[in-house]
There are 2 protein chains.
Amino acid sequence: MNSEETAVSIAKAAKAAFEASQLIPTAERVQALHEIRKELEAAKEAILAANRLDVEAAQAEVDAGRMSAALLKRLDLTKGDKWDSMLQGVTDVAALPDPTGNVSYASELDDGLKLYRVSCPIGALLVIFEARPEVVVNIASLAIKSGNAAILKGGKESNETTQLLSKAIQTALSKTQLPPTYIQAIQTRAEVSALLALDQYIDLVIPRGSNSLVRNIQHNTRIPVMGHADGLCAVYIDASADLKKAVRVVVDSKVDYPAACNAAETLLLHESTVGTIWPAVARALLAADVTLLCDAPSLAALHALAPAPANLASHARPAPADAYATEHLSLTLSVRVVRSLAAAIAHVNAHSSHHTDSVVAEDAAAASAFVRGVDSAGTFVNASTRFADGFRYGFGTEVGISTGRIHARGPVGLEGLVTYKYVLRSEGAEGHVVGEFGMGEGKKRYKHRRFEAATAPFYE
Amino acid sequence: MNSEETAVSIAKAAKAAFEASQLIPTAERVQALHEIRKELEAAKEAILAANRLDVEAAQAEVDAGRMSAALLKRLDLTKGDKWDSMLQGVTDVAALPDPTGNVSYASELDDGLKLYRVSCPIGALLVIFEARPEVVVNIASLAIKSGNAAILKGGKESNETTQLLSKAIQTALSKTQLPPTYIQAIQTRAEVSALLALDQYIDLVIPRGSNSLVRNIQHNTRIPVMGHADGLCAVYIDASADLKKAVRVVVDSKVDYPAACNAAETLLLHESTVGTIWPAVARALLAADVTLLCDAPSLAALHALAPAPANLASHARPAPADAYATEHLSLTLSVRVVRSLAAAIAHVNAHSSHHTDSVVAEDAAAASAFVRGVDSAGTFVNASTRFADGFRYGFGTEVGISTGRIHARGPVGLEGLVTYKYVLRSEGAEGHVVGEFGMGEGKKRYKHRRFEAATAPFYE
């Protein structure tokens, strides 16, 4: 079979597995997670041996200067408590509340005619990620928990490891009623390309990886894509900002973990803060080894300071033309002075990736304008952009962070992997038909009596 | 300007209008709806005169055999109570609950650090529809109520009318704080094509019209599309079906309004019902002038009946190869016998458009398998597929019916025009930073205390 034929057969199998799984009790999905943990424990030695092969091959690439040491580190399943965390993750996901079967709308349209909007899985997912092999297990757990079939493609660097992880998952599934093709792993980019064309079988694509990976997928499929390419977050220091909050929020947003998508890349300063708050913020950033790419007014303000801040000469310089459109992912921050709150909002809407942006302000009207006016998944007040994270938000686990506007936005928990369907049940002696309703004489009127329901009939 | 340049300037204006509108109080949006009604009333004579021009031009097309009489009828704003309904619709939408500003998740992450998930508009909408000019007013009302900017493109047959309707809307907007470019109308297909490429400005496309219109749009944009191309609904008569319910549900699903997307196009019969329930159902359908495209067993059963049903010779014939993939939109029904409930579910999943499918069954296990196993936006038990409709569901008004799986599914009310954002507010004396949290000594733990909140601070 060529890649296209392989892709069609994989995609069809995923869709068929999804459809078959809908008739299997939820408890079986939880059982599958426990089986997966058992299989992983049983296959630990073989998996870690395969992982050694991946790591050795990667080490050769690193030595040859073709791969970064950071990538190699992400590959290694024996590092720290990675293996145990991976197993614990499976157990944790098993313990999370079932995201399916929840009723969000219930209304009696007529006596004995009850409508329920009930959460249900989406269908067949295609998840594409890079490097970290344990993501296979994380994503498989999330997909199974939420009732979706999944096709997983890891980075080629982790092929040996992911193959054995996938095998363990399939062995575990074979001990349950769930179809073994519920979770499938693929190995080649050609298969991914072919799968991206199969919108009749694949319902959602979730890319997790570099900007270029995500962007490439977004531009090459009609299937909905959930995730984010960029994380270009900004902090704005309002005229009403408190100095200490400004220093703490800006430094944490930039320094806590600069490689994260929720780290700040741009600092906007209201012009009235350039001589008051900016010096303290800049001193703290420079002391934390942050490089500042400044517009003219913010740079001039720094050069006017006495004593000169540490690192000023080496770490502060004029912002290049693309500074405010750049996701640095490092200890670098673009700085710009704006004449008004409105200008700050306009800058963020024009340049940010609609991920997370924060305002430091004491004035409630200013905070409100920023929160309403900034069109991002997260708009924060006096808090670090780094809080934008599924674990920190309290979702237990995270499917990804979406910068799209529909379905799910911001950090996405298990509920991002479900949709809903409407269940309409007639309890009437003769069933229910539309022709009996209307405005004319002898016609019935819709009652639309809302009621509370935890579960829907036929979908317990 | 060529079409591309025009499209870019329209799209930019829509996005800018959306962003500006976020800072304007919600009450102003309701006020705008009242102003629109007033302007429409004031411009009634001119609008109906323009409508006469459209109708006359269309009449010439009908006379020349180039347009259907049905289309002409949809064009005429003076027909029946169309004008008054249109005005009443504006007032009704104004009175609906505001879909924005509702909190669906509130959690205290730490003392004084509160997270709110609050509903908010999506952004700039592109709405494309055919023929009926009053849709301009309906959609403008829905967009304004939900806080979205909109670009509207009607059918070319209604150009004269929609131009004046749009002008009235813009005049009304100019009497409010909302930007006059909040609602824009465009006239050409070339502009639509150019707009479909502008995913940096347009956030959601809503096509309302023929299968080919919707399909063409779905295949020519990366912007999310909400709606449905097909409405291929099925009714399945289970082995446990009640005869009277079967007759009523099948006849209503097919006959009540055959041109609707929620009318049934396919009837599936469990093989055990071919000699019991099918004859009564078929007699009722044939008596209602329905043409039956039958597979061999269902046709043979009809020919074996004595006395022969009325219309049998003229109205029942073998199903052609594409019968089960055809949306008849007329008094025609494809009929197929299946050997099991599982086969019925498989048929629906393979052939239906995932819109709405109904089972007639007394057995709860069979109903449950159908409801869970059929992967459609609506799965009904002993009720007509024709109930799948925003008004009947109790949503007051309907944006459209979605057969997509994410964001909104089935009949979509105003809530399909909103998304959410996360507002995080630190009330702490020093703001909140992530660096203080962790597992180490002296680190804070996340509290994740859920609480009830009707509104979010800064987003009232």
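No lab work stands behind these numbers, since they all come straight from the coordinates. In this text the structure is predicted, and so the values were computed from the model without any measurement. Note that each Cβ is placed from the backbone with ideal geometry, even for glycine, and that neighbours are counted across all protein chains shown.
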Using a Förster distance of 56 Å, how high is the FRET efficiency between B:Ser272 and A:Leu243, based on the Cβ-Cβ distance and rounded to 0.05?
-> 0.10
In order over segment A:206-220: 3J(HN,Hα) from phi, Karplus 6.51/-1.76/1.60, θ = phi - 60°, whole Hz, x for each Gly or Pro, gives 10, x, 10, x, 5, 3, 6, 4, 5, 4, 4, 5, 4, 8, 10
Multiply the residue separation of A:His219 and A:Gln88 by 0.36 nm, subtract the distance between their alpha-carbon atoms, and state the gained length in nm to one decimal.
-> 43.6 nm
Can you work out ³J(HN,Hα) from phi for every residue in segment B:402-416, in order, using Karplus 6.51 cos²θ - 1.76 cosθ + 1.60 and θ = phi - 60°, giving whole Hz and x for Gly and Pro?
-> 9, 9, x, 9, 10, 6, 9, 9, x, x, 10, x, 3, 5, x
Amide H contacts of B:Thr397 (H built 1.01 Å from N, under 5 Å, at least 5 apart or other chain) | B:Leu414
Measuring from label point to label point, each 7 Å out along Cα→Cβ, what is the A:Glu430 to A:Ser210 span in nm?
-> 6.8
Quantify how strongly other chains surround peptide B:114-120 by giving the mean number of their Cβ atoms within 10 Å of each of its Cβ atoms.
-> 3
Burial-style ranking of B:134-147, A:26-39, average other-beta-carbon count within 10 Å with highest first, yields B:134-147, A:26-39
Point me to the residue of chain A whose C-beta lies closest to the A-onto-B rotation axis, rounding the distance to whole angstrom.
-> A:His407, 2
Provide the per-residue ³J(HN,Hα) series for segment A:378-387, in order, calculated from phi with Karplus coefficients 6.51, -1.76, 1.60 and θ = phi - 60°, each as a whole number of Hz, with x at glycine and proline positions.
-> x, 10, 10, 10, 6, 9, 5, 4, 5, 6
Using alpha-carbon coordinates, inclination of helix B:44-63 to the longest axis of chain B, degrees = 40
Return the distance in nm (one decimal) between the two label points of a simple spin-label model at A:Lys38 and A:Lys12, each offset 7 Å from Cα along Cα→Cβ.
-> 3.3
Average beta carbon contacts from partner chains per residue of B:21-27, 10 Å cutoff = 3
Sort the following peptides by mean Cβ neighbour count (other Cβ atoms within 10 Å, averaged over residues), highest first: A:288-296, B:316-324, B:89-97.
-> A:288-296, B:89-97, B:316-324
If the label for B:Lys167 sits 7 angstrom from Cα along the Cα-to-Cβ line, what are its distances to the same label in every other copy, in nm to one decimal, shortest first?
-> 7.5
Efficiency of FRET between A:Glu45 and A:Ala310 - r from beta-carbon atoms, R0 45 angstrom, step 0.05 | 0.30
Residues with amide H under 5 Å from that of A:Ala316, placed H, sequence gap 5 or more = A:Leu292
Evaluate the distance, in nm, between pseudo-label points positioned 7 Å from the Cα of B:Lys156 and of B:Arg66 along their respective Cα→Cβ axes.
-> 0.9
Can you grab the distance from the C-alpha centre of segment B:1-53 to the C-alpha centre of segment A:1-55, Å, no decimals?
-> 52
If labels are modelled 7 Å from Cα along the Cβ direction, A:Asp199 lies from its partners in the other copies at nm distances, smallest first, of 1.0
Cα convex hull of chain A: how many Å³ per residue?
-> 189
Within the set of other residues whose C-beta is less than 14 Å from the C-beta of A:Ser68, count the net charge using Lys and Arg as +1 and Asp and Glu as -1.
-> -1
Residues in segment A:86-128 near a label at A:Tyr257, defined as backbone nitrogen under 19 Å from the 7 Å Cα→Cβ point?
-> A:86-90, A:92-93
Assuming R0 = 30 Å, can you tell me the calculated FRET efficiency for the pair A:Arg52 and A:Thr188, based on Cβ-Cβ distance, to the nearest 0.05?
-> 0.85
Length released on extending from A:Ala364 to A:Ala280, taking residue separation times 0.36 nm less the Cα-Cα span = 27.9 nm
Average other protein chain Cβ within 10 Å of Cβ, residues B:365-373 | 5
DSSP beta bridge pairing in the protein assembly as shown, given as percent antiparallel to the nearest 5 | 30
List the residues whose amide H sits under 5 Å from the amide H of B:Val338, counting only those 5 or more places along or on another chain, with H placed 1.01 Å from N in the peptide plane.
-> B:Leu269, B:His270, B:Glu271
Could you give the alpha-carbon Rg of the protein assembly as shown over 2.2 N^0.38 Å, rounded to two decimals?
-> 1.00
What order do you get for A:385-391, A:328-334 when each peptide is scored by the mean count of other beta carbon atoms within 10 Å, highest first?
-> A:385-391, A:328-334
